[in-house]
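Each value in this text was obtained by applying a stated rule to the coordinates, not by laboratory testing. Just so you know, these numbers come straight off a predicted model, no measurement behind them. Because the Cβ atoms are built from the backbone with ideal geometry, glycine has one as well, and the counts that use them run over all protein chains shown.
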Amino acid sequence: MAETEFQYYEGVGRRKTSTARVRLYIGGDGAIVVNGKPANEYFGREWDLRHLVEPLIVAESADRFNVSVKVQGGGITGQAGAIRLGMARALLKLDPELRLALRRAGLLTRDGRAKERKKPGLKRARKAPQYTKR
């Protein structure tokens, strides 16, 4: 598949209650825009920034693409995780030979952890009321 066939490659990522639509535009300078803002403005913590560019680093193509992201729901860390998965999936559409490298780095697995629901009779998901013998 030739790189000029598509205008962009899109991937959808989810984490907790966040959903991200990631578009990779070929021939860019490495700019990442999240909901209309540069990524370093949108994400305040350095860890979240490093977390979301990890697929580009594994694919050794950090400055080959411009990345545009629409993300909604959840918190900042969940959104960063959703962007990371969406970016990995978009890279996979671009080049299927990256599958092994992305899989080994753990970037193609959706993180299914989410908040556990509260159960009746308990104070929270697992915390029970204090037991009294007498």
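Evaluate the following for ARG99: is it surrounded by 12 or more Cβ atoms within 10 Å (Cβ to Cβ) and touching a Leu at 6+ places or on another chain (Cβ under 7 Å)?
Details: surrounded by 12 or more Cβ atoms within 10 Å (Cβ to Cβ): yes; touching a Leu at 6+ places or on another chain (Cβ under 7 Å): yes.
Here the answer is yes, as ARG99 does meet what is asked.
If you check ALA59 against the conditions, is it among the aliphatic types (A, V, I, L, M), closer than 14 Å to ASP111 by Cβ and touching a helix residue (DSSP H, G or I) at 6+ places or on another chain (Cβ under 8 Å)?
Working: among the aliphatic types (A, V, I, L, M): yes; closer than 14 Å to ASP111 by Cβ: no; touching a helix residue (DSSP H, G or I) at 6+ places or on another chain (Cβ under 8 Å): yes.
Here the answer is no, as ALA59 does not meet what is asked.
Considering the stretch 60-86 alone, what residues qualify as being on the phi > 0 side of the Ramachandran plot and surrounded by fewer than 15 Cβ atoms within 10 Å (Cβ to Cβ)? Lay out the reasoning, then the answer.
First, the residues of the stretch 60-86 that are on the phi > 0 side of the Ramachandran plot: 60, 73-74.
Listed by number, the residues that qualify are GLU60, GLY73.
Only one of LYS123, LYS115, LYS119 is surrounded by fewer than 14 Cβ atoms within 10 Å (Cβ to Cβ) and touching a residue at least 60 places away in the same chain (Cβ under 8 Å); which?
Values: LYS123 fails: touching a residue at least 60 places away in the same chain (Cβ under 8 Å); LYS119 fails: touching a residue at least 60 places away in the same chain (Cβ under 8 Å).
Matching residue, one of LYS123, LYS115, LYS119: LYS115.
Go through (1) under 10 Å from the mean Cα position of the chain (by Cα); (2) in contact (Cβ under 8 Å) with a residue 40 or more places away in the chain; (3) surrounded by 16 or more Cβ atoms within 10 Å (Cβ to Cβ) one by one and return the number of the condition VAL12 breaks.
Single failed check for VAL12: (3).
Assess whether ILE57 counts as being surrounded by 13 or more Cβ atoms within 10 Å (Cβ to Cβ) and of a type in the set (Val, Ile, Thr).
Details: surrounded by 13 or more Cβ atoms within 10 Å (Cβ to Cβ): no; of a type in the set (Val, Ile, Thr): yes.
For ILE57, the condition - surrounded by 13 or more Cβ atoms within 10 Å (Cβ to Cβ) and of a type in the set (Val, Ile, Thr) - is not met.
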